[in-house]
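To start, the structure under review is shown below, and the notes come after it.
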Amino acid sequence: MIKLKNVSKIYYNKGVIGTGFSKVSLEFNIGEFIAIIGESGSGKSTLLNVISGLDTYEEGEMYINGEETSHYNEEDFEEYRRKYVANIFQGFNLVNSYTVRQNVELVLLIHGIKSKDAKEKVDQIIKDVGLWEYRNKRVSKLSGGQKQRVAIARALAKETPIIVADEPTGNLDQESSKQIIELLHKISKNKLVIVVTHNYEDIEKYVTRVIRMHDGKVVEDKNVKEYKAGTLESTEHFKMSFASKVKLAFRNSFNIVGKLLLILGVFIMCVSGILTNIGGQIKGKYDTLNQGISFIFSNQNPKRIIIRHKDATQITKDEYENILKLSTVEEIVHNDIKLDSVISLYREEDDTYIDATVNNIEYLDAKIYKGRMPKEENEVVLMANEDDFFIKLFANDFLDKDIYPIDDRYNEYNIPIKIVGIAKTKEVSMNYKIYGSDNLNEKLSDINSIKYGSAIITINGHVHNNSDEDILILSEKVPKGSIYLREEYESECDKNSCLNTNVKVNVKNIYTDRTEDFKVTNIINKKNLKSLLDMSDYDDLYGYVFMNIDDYNRLNNTDDYQSSVIVKNVDQVDKTVGDLEKMGFQVLAIKNSVDFNSSDLSKIINLFNIIGSLISFVVLYFISYFVIFLVLKSRNTYFAVIRILGGTVKVCRELINLELFIQSTISFAIVLVLGYLFKFNIIRFDIMSGFMEYLKWYHFVIGYIMTIIMSQLIARRFSKKIFKDSMITTYNMEV
Ligand code: ADP
Ligand code: MG
């Protein structure tokens, strides 16, 4: 039985000592139905809590079946509560967000009964307490009397030999009180029932013994009725199964929608924070790559792969078709020299140039902040860095006015171009970019193909090797297939006459190397310069050879010797490179052409990135912790209930861990789904899709692991906080 010998409960509260009760000696037996009465503050509740093992005592000794308990630690009392005691409170202490069934089931799960086996018992008990029709109602929707029935059902389910009820009818009306007392009596057979009450009359007819307390002391203790004494036997109980814990964790995750949304919100913020951090770092590397580390390729689009044949032969139509069949390929830029060539746009009025690379308008991925999108074939959008001072100042001067491209030789071409819109980018680049129609780009690339060549002119075995612009002058006045030589070359030919001899012209650039024979059809001298070529300044033209522009373009034409394949996503570059190599191409991925990682600067940048990530991880952790703490704080009551029912702190901890694990996993899944919607532009959200492009599967694994670590750290910290105080303190704080 339970025996108290000179037991005192002393409170230490901020240096002030108070007494719950003092020097109480009592003995309780199975079969008794005891009423404890006494005015408010006399120590009744404190006594019940000590008897229930919910609270500790400071002096004396309590015996359970003869065993001393003064050396008991929290775990011993947990076991005692589970084996022997069921509590009923004035404030019910139910889980309000659970249904009647779930509340009753909770006890059985905590006691290690599998949910499947518990069902029948739960239903039977609910019938016994007369709540069958409310079995699937949430407890928060029930009346006080019904709630107390649920509490009694729960005590019944626990099947303990001791039932302790602290003013069970205190919150109930007369009628409900009567029913509850009767119910209590009904279940009291072969049990020890201790009831604290203010309405002794209600309970009188069932009571076998009355104890009156006053000022922390027992002042009266009398038996009023015979009872059949039994022995104190513990209930059977098992460890709570993992499946039950998971089941509860799921239930707790979802049963309060508002709470769920808040926690998901926080975790979604964390997950996106972590993923954008990873994505941002990788993107940052590519952006650096975009900032012109390589001086060979002005267009350093990381999605660009350059292809050509090893022997510099043409790429055939069939080959292009096969490339386009690859699922990863977005487009092919034929003759990709235009991607890398810079066009100079010239404005006569103020003698200014803009150097720009030429791009397809379809791939403009920045917002236009001045002007509009092109409508006509000759209209373009100019893209400049957002901090570009020149464009900021002169944007209006350029907008909507014709400007003309010029080549390296300062030849102006009669292709009027109109800048109709200006877009901003964060990218830093050596040149501006213009975005225009395919047709315009084609024309501009023709201008470009004239550049960067070297020419070798062989006259009767005499070799003149020079950069093309120093030896060739291109003119429409020279007929196709012909060459005009200046008179100073005459000495190199037989009989000092070059007219009608053949001259070899070889044009070479980084893409091509071609030679053709041309017939000398005119010798240029001071007299015929004007009439034949419409030129003056005879002296300035010393040493030049004149040829037709189209002839030159044909020799210099790089069409289809080298092209660029643009993939849809950066993370597809490596795979596509493999595919293209299998097709027999010589392949260079721009992304891989810049060895950024090995530089010292990159090491420093990497270090800063890691530090930055850590800081943001810590910041995210604290923000999340505080929000989740506030949300979970309301759960103190829940865990107090679990513990009152005999659940251990360990079980509570595991429930919190599991719950946050489930919620963070759901959040991760949501971010993943959203991310893919962004990535494939099903939902447009440029910043996110920007990051998503750079993430590979293992980044998601890292992100997930980091999320789980974070959620478990939060769970740990939370458990530490809420289980720091003894359970009854937590409980009292809440009720
Ligand atoms: P009753 O249930 O008979 O109304 P209690 O057992 O609640 O009385 O309280 C008995 C005495 O112990 C009261 O003087 C009360 O102020 C004191 N007491 C109860 N709980 C605490 C506590 N947590 N800290 C300090 N004093 C307490
Ligand atoms: Mg009380």
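Quick notes on this structure:
- Residue that is farthest from TYR206 (Cα to Cα) [pool: residues in the stretch 38-93 that are of a type in the set (Phe, Trp, Tyr) and within 16 Å of ligand 2 (Cβ to nearest atom)]: PHE92
- Exactly one residue among TYR694, TYR731, TYR704 is of a type in the set (Phe, Trp, Tyr) and modelled with pLDDT of 80 or more, and that residue is TYR704.
- Within the stretch 96-109, being open to solvent by 10 Å² or more (accessible area, probe 1.4 Å) and either within 23 Å of GLY18 (Cα to Cα) or not polar (S, T, N, Q) (or both) holds for ARG101, GLU105.
- Selected residue (criterion: nearest to VAL649 (Cα to Cα)) from residues of the stretch 53-64 that are among the hydroxyl-bearing types (Ser, Thr, Tyr) and surrounded by fewer than 22 Cβ atoms within 10 Å (Cβ to Cβ): THR56
- Test result for ILE194, aliphatic (A, V, I, L, M) and away from ligand 2 (no atom under 16 Å from the Cβ): no
- Of all residues in the stretch 78-93, at least one satisfies being within 24 Å of LYS191 (Cβ to Cβ), basic (Lys, Arg) and open to solvent by less than 30 Å² (accessible area, probe 1.4 Å).
- Selection from the stretch 134-177 of residues that are more than 16 Å from ligand 1 (Cβ to nearest atom), of a type in the set (Asp, Glu) and in contact with a strand residue (DSSP E or B) (Cβ under 9 Å, 6 or more places away or on another chain): GLU159
- Any pair with Cβ under 9 angstrom, 6 or more apart, that starts in the stretch 1-17 at a residue that is touching a residue at least 60 places away in the same chain (Cβ under 8 Å) and within 24 Å of LEU232 (Cα to Cα) and ends at one that is within 16 Å of ligand 2 (Cβ to nearest atom) and open to solvent by less than 70 Å² (accessible area, probe 1.4 Å): ILE2/ILE51
- For beta carbons closer than 8 Å, sequence separation of 6+ or different chains, a first residue in the stretch 611-635 that is farther than 30 Å from ASN255 by Cβ and modelled with pLDDT of 80 or more and a second that is crowded, with 17+ Cβ neighbours inside 10 Å and among the small types (Gly, Ala, Ser), the qualifying pairs are SER616/GLY273.
- SER22 satisfies every condition listed in (1) more than 12 Å from ligand 1 (Cβ to nearest atom); (2) of a type in the set (Gly, Ala, Ser); (3) over 57 Å from the mean Cα position of the chain (by Cα) except (1).
- Scanning the stretch 1-29 for residues that are away from ligand 2 (no atom under 16 Å from the Cβ), β-branched (Val, Ile, Thr) and open to solvent by less than 10 Å² (accessible area, probe 1.4 Å) yields a total of 2.
- Some residue of the stretch 30-37 being at pLDDT 95 or above, within 11 Å of ligand 2 (Cβ to nearest atom) and crowded, with 18+ Cβ neighbours inside 10 Å: yes
- Residue list for the stretch 472-514, filter: of a type in the set (D, E, K, R), under 30 Å from GLN562 (Cβ atoms) and at pLDDT 90 or above: LYS480, LYS504
- GLU68 crowded, with 22+ Cβ neighbours inside 10 Å, more than 8 Å from ligand 1 (Cβ to nearest atom) and in the same structural domain as VAL85 (by TED's automatic domain parsing): no
- All strands (runs of 3 or more DSSP E) inside the stretch 23-103 with 2 or more residues being among the β-branched types (Val, Ile, Thr): 33-37, 85-89
- For the stretch 124-226, the strands (runs of 3 or more DSSP E) that sit wholly inside it and include 2 or more residues that are surrounded by 20 or more Cβ atoms within 10 Å (Cβ to Cβ), among the hydrophobic types (A, V, I, L, M, F, W, C) and in contact with a Leu (Cβ under 9 Å, 6 or more places away or on another chain) are 162-166, 192-196, 209-214.
- Members of the stretch 178-206 found to be more than 16 Å from ligand 1 (Cβ to nearest atom) and either among the basic types (Lys, Arg) or in contact with a strand residue (DSSP E or B) (Cβ under 6 Å, 6 or more places away or on another chain) (or both), listed by number: LYS178, LYS186, SER188, LYS189, ASN190, LYS191, LEU192, VAL193, ILE203, LYS205, TYR206
- Taking the criterion of being free of Cβ contacts under 8 Å to residues at least 40 places away in the same chain, open to solvent by 80 Å² or more (accessible area, probe 1.4 Å) and either more than 18 Å from GLU442 (Cβ to Cβ) or of a type in the set (Lys, Arg) (or both), the residues of the stretch 374-428 that qualify are ASP387, PHE389, LYS392, LEU393, ASN396, ASP400, TYR410.
- Qualifying residue in the stretch 315-330 (condition: within 22 Å of ILE417 (Cβ to Cβ) and open to solvent by 70 Å² or more (accessible area, probe 1.4 Å)): no
- Residue match in the stretch 506-516 (condition: closer than 30 Å to VAL329 by Cα and open to solvent by 40 Å² or more (accessible area, probe 1.4 Å)): yes
The values are calculated or read from the model by the stated rules, or taken from the named source; none is laboratory data. Predicted model only: the values in this text are computed from it and were never measured. Positions of Cβ are backbone-derived with ideal geometry, glycine not excepted, and every protein chain shown enters the neighbour counts. Heads up: the accessible areas ignore ligands, DNA and RNA and are worked out on the full protein's heavy atoms, side chains in. Shrake-Rupley method; radii C 1.70, N 1.55, O 1.52, S 1.80 Å.
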